[in-house]
Amino acid sequence: MDVQLNTLYIVTRGATVRRDHLTLQVVVEQQARLTVPIHQLESVAAFGGVHVTPGAMGLCAESGVAVNFLTESGRLVARVDAPSSGNVLLRREQFRRADDPGARGSVARCLIAGKLHNCRNLLLRAGRESGDAADQGTLSGAAGHLAGAIPNLEADTDADTVRGREGDAARVYFAAFGAMVRVGRGEFTPNGRTRRPPLDRMNALLSFLYALLTHDCTAACAAAGLDPSVGFLHVDRPGRPGLALDLMEEFRPLLADRLALALVNRQQVKASGFEFREGGAVSMDEATRKAVLTAYQQRKREEVTHPYLDQKVPLGRLPFLQARVFARHLRGDLPSYLPCVLKN
Amino acid sequence: MKVLVVYDVSTSDSNGPRRLRRVAQACQDFGQRVQKSVFECSVGETEWVRLRTRLLAEMDERRDSVRFYFLEADVRVEHHGAGEPWNLDGPLVV
């Protein structure tokens, strides 16, 4: 397959997505804004008040294109997908392993090791680029802490201990996060990690990017024939895509954190593009969401060398590849899950 | 692969307008109109076979012509003036 599959994002309030023969058409105020042949799409993401006609939904279902309905802040409300395919034996094995504390611990350890490695690389990179001695100190200190935490994971056999270590490391990481913000530090320094609702601009931006990443990871799990909702690090909870969240851990720094910092530091996202709600919740306006989505799609197209496939792949393919690595681990072809650790 | 589809459909006979519409629709289903009878299509092998078969079936060999230009991956396109098309391989955010 040589067509790069794309995601159609609709963020304009009052837009309609309808079917026109073999294409999807986005109509805004009775004007066709965009017509896309269905074969070029992998999924459709409709944010907020967007109308998708039954005809459009039918075309997507026939073509195996998932339709996601999300709130404006990116929380998934509903997903319309073709009946699940893949191998039921693989899913059964996934459930069996997820019930086994030893297997949970071993997978959780690998996932968090990958995450911490990638977080550490981000801190080191920002430290190299920073001109400020105090910031460099903060960043290398935090990077050192993460480096120390990784070998400790080796000894952990259960998922709870791993979760504890991850929590400690995340606190250190987010405490140092502000030192990676170079422009508009007053407005964009996060006060730790807050969510539901995010209480500052950086957290609003991160929450939105994490939501996008969750969808991509959910799609990746489903494409590999896995059940996105049965996780190893994340405990089962109704409506929570546990395995997708597991898979996402190693990609947070690569596809979300680094992008959020770049958007702020390059001033592609401005402080004025955020809205403050009663109770302190912060969200982005429509123009900012569009800018973030565009940047996210562009970032996914950037090519990196996959560390053990030794192949150039677009960043956006990594969750799909890693989901397959995960499936290979479940099938017994790989003794442990290998997270994707990039050098940069 | 990227294919540029260019056609000329004769509308002088009674069936002409119908053929023109159907040829245009086939192109629309697989690509994007960049000028009146010029379409850029990003297609995989399957879509390419479907598009080609459909076009050849719709056209009238004696009156119309269709030309396919196969574009290299690093093709460079400049657009000036009205009706700049979307890059369907780039970010799609409406």
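Computed values, structure above
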| item | result |
| --- | --- |
| Test result for B:Ala26, within 10 Å of chain A (Cβ to nearest Cβ) and at pLDDT 95 or above | yes |
| Residue identified as more than 14 Å from chain B (Cβ to nearest Cβ), open to solvent by less than 50 Å² (accessible area, probe 1.4 Å), under 15 Å from the mean Cα position of the chain (by Cα) and within 26 Å of A:Asp99 (Cα to Cα) among A:Asp246, A:Asp257 | A:Asp246 |
| Within region A:99-133, tally of residues that are more than 21 Å from A:Tyr308 (Cβ to Cβ) and not charged (D, E, K, R) | 11 |
| Checklist (1) at pLDDT below 85; (2) on the phi > 0 side of the Ramachandran plot; (3) acidic (Asp, Glu) applied to A:Glu29, failing item | (1) |
| Leading residue by the ranking (farthest from B:Asp29 (Cα to Cα)) among those in region A:1-24 that are open to solvent by 40 Å² or more (accessible area, probe 1.4 Å) and within 26 Å of the chain's Cα centre (by Cα) | A:Arg13 |
| Residue among B:Ser10, B:Ser37 that alone is closer than 23 Å to B:Ala82 by Cβ and of a type in the set (Gly, Ala, Ser) | B:Ser37 |
| Of all residues making up region B:1-19, the number that are more than 12 Å from the chain's Cα centre (by Cα), closer than 19 Å to A:His21 by Cα and surrounded by 15 or more Cβ atoms within 10 Å (Cβ to Cβ) | 1 |
| Residue pairs meeting the criteria (Cβ under 7 Å; at least 6 apart or on separate chains; first of a type in the set (Asp, Glu), in region A:166-195; second surrounded by fewer than 17 Cβ atoms within 10 Å (Cβ to Cβ)) | A:Glu187/A:Ala271 |
| Qualifying residue in region A:188-199 (condition: within 30 Å of A:Arg97 (Cβ to Cβ), open to solvent by less than 40 Å² (accessible area, probe 1.4 Å) and outside any loop (DSSP other than H, G, I, E, B)) | no |
| Odd one out for A:Ala295 among (1) on the phi < 0 side of the Ramachandran plot; (2) open to solvent by 20 Å² or more (accessible area, probe 1.4 Å) | (2) |
| Per-region count, region A:305-344, residues of a type in the set (Val, Ile, Thr) and open to solvent by 30 Å² or more (accessible area, probe 1.4 Å) | 2 |
| Which listed residue is crowded, with 19+ Cβ neighbours inside 10 Å, free of Cβ contacts under 8 Å to residues at least 24 places away in the same chain and either at the interface with another protein chain (Cβ under 9 Å from one of its Cβ atoms) or over 23 Å from the mean Cα position of the chain (by Cα) (or both), from A:Val36, A:Val27 | A:Val27 |
| A:Ala142 vs. criteria at pLDDT 75 or above and either open to solvent by less than 10 Å² (accessible area, probe 1.4 Å) or closer than 20 Å to A:Glu129 by Cα (or both) | yes |
| Residue check, A:Gly127 open to solvent by 50 Å² or more (accessible area, probe 1.4 Å) and within 24 Å of A:Lys343 (Cβ to Cβ) | no |
| Verdict on A:Gly279 being touching a residue at least 60 places away in the same chain (Cβ under 8 Å), away from every other protein chain (no Cβ under 14 Å), on the phi > 0 side of the Ramachandran plot and open to solvent by 20 Å² or more (accessible area, probe 1.4 Å) | yes |
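To keep it simple, each residue is scored yes or no on (1) more than 27 Å from A:Thr294 (Cβ to Cβ); (2) in a loop (DSSP other than H, G, I, E, B); (3) more than 11 Å from the chain's Cα centre (by Cα); (4) more than 12 Å from chain A (Cβ to nearest Cβ).
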position	(1), (2), (3), (4)
B:Arg21	yes, no, yes, no
B:Arg33	no, no, no, no
B:Arg50	yes, no, yes, no
B:Leu55	yes, no, no, yes
B:Tyr69	yes, no, no, yes
B:Val75	no, yes, yes, yes
B:Glu78	no, yes, yes, yes
B:Gly81	no, yes, yes, yes
B:Glu84	no, yes, yes, yes
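Conditions (1) free of Cβ contacts under 8 Å to residues at least 60 places away in the same chain; (2) surrounded by 11 or more Cβ atoms within 10 Å (Cβ to Cβ); (3) touching a Phe, Trp or Tyr at 6+ places or on another chain (Cβ under 6 Å), marked per residue:
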position	(1), (2), (3)
B:Gly44	yes, yes, no
B:Leu55	yes, yes, no
B:Phe68	no, yes, no
B:His79	yes, no, no
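The values are calculated or read from the model by the stated rules, or taken from the named source; none is laboratory data. As the structure is a prediction and not an experimental result, all values here were calculated from the model. Cβ atoms come from the backbone with ideal geometry, glycine included; neighbour counts cover every protein chain shown. Surface areas here come from the heavy atoms of the whole protein model, side chains and all, with no ligands, DNA or RNA. Shrake-Rupley method; radii C 1.70, N 1.55, O 1.52, S 1.80 Å.
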